[in-house]
Amino acid sequence: MAMKVVQYLKDWNPHTLKHRTFILTTLKGGFLYSYRGLQNLTKGPLADNIGAQCTVRKEVFLWFGYQALRHVLLKKRAHWREFYTEIEAELKKPRYRSFAHQPKFVRVLRVGEQQLKGIVF
């Protein structure tokens, strides 16, 4: 989703005013929509048969989404400086701050970053 957002913003006319708050609110809505979709997938009869569960908290899901976007924007930080600083500010909020120090989440981030290294965007 993070790569799609960056591509979407690239397609805008360079002279178009890109309102940061609108974009970040839309992004959060997209992350929450994905989270609800994941929850719904684990509530059906097939999920019951195989024992599927969604045990990820909403805040953790959002944190991973913001981390992915931060990583994608990091590659083009000079061009997306305003959005990058907004994402950094969001990640420093108290509700997300503790996740950065939990080893299980840090490992997932490292694997994701390794997988994104080979992708050109």
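Quick note: the coordinates plus some simple rules give every number you see, no bench work behind them. Everything numeric here is computed off the predicted structure, so don't read it as measured data. Note that we place each Cβ from the backbone using ideal geometry, even for glycine, and neighbour counts take in every protein chain shown.
Tell me, what is the percent relative contact order of the chain, built from C-alpha pairs under 8 Å that lie six or more residues apart? With pairs under 8 Å counted, the relative contact order is 26 percent. Cross-link pairs exceeding 29 Å in C-alpha to C-alpha distance, out of 92/117; 43/76; 10/117; 43/93, comprise 43/76; 43/93. Other residues lying with their Cβ under 12 Å from the Cβ of residue 90 contribute a combined charge of +4, Lys and Arg counting +1, Asp and Glu -1. Calculate the tail of P(r) for region 1-63: the fraction of all Cα-Cα distances greater than 20 Å, expressed in %. Tail of the P(r) past 20 Å holds 44 percent of the pairs.
Counting each DSSP H run of 4 or more residues in the chain as -39500 (n - 2.57), what helix-only mean residue ellipticity at 222 nm follows after dividing by all residues, to the nearest 500 deg cm²/dmol?
Only helices count here, giving -22000 deg cm²/dmol.
Taking the three principal axes of the alpha carbon atoms in the chain, the coordinate ranges are 52, 32, 29 Å, sorted in descending order.
For region 45-106, the alpha carbon positions stretch 49, 22, 17 Å along the principal axes, listed from largest to smallest.
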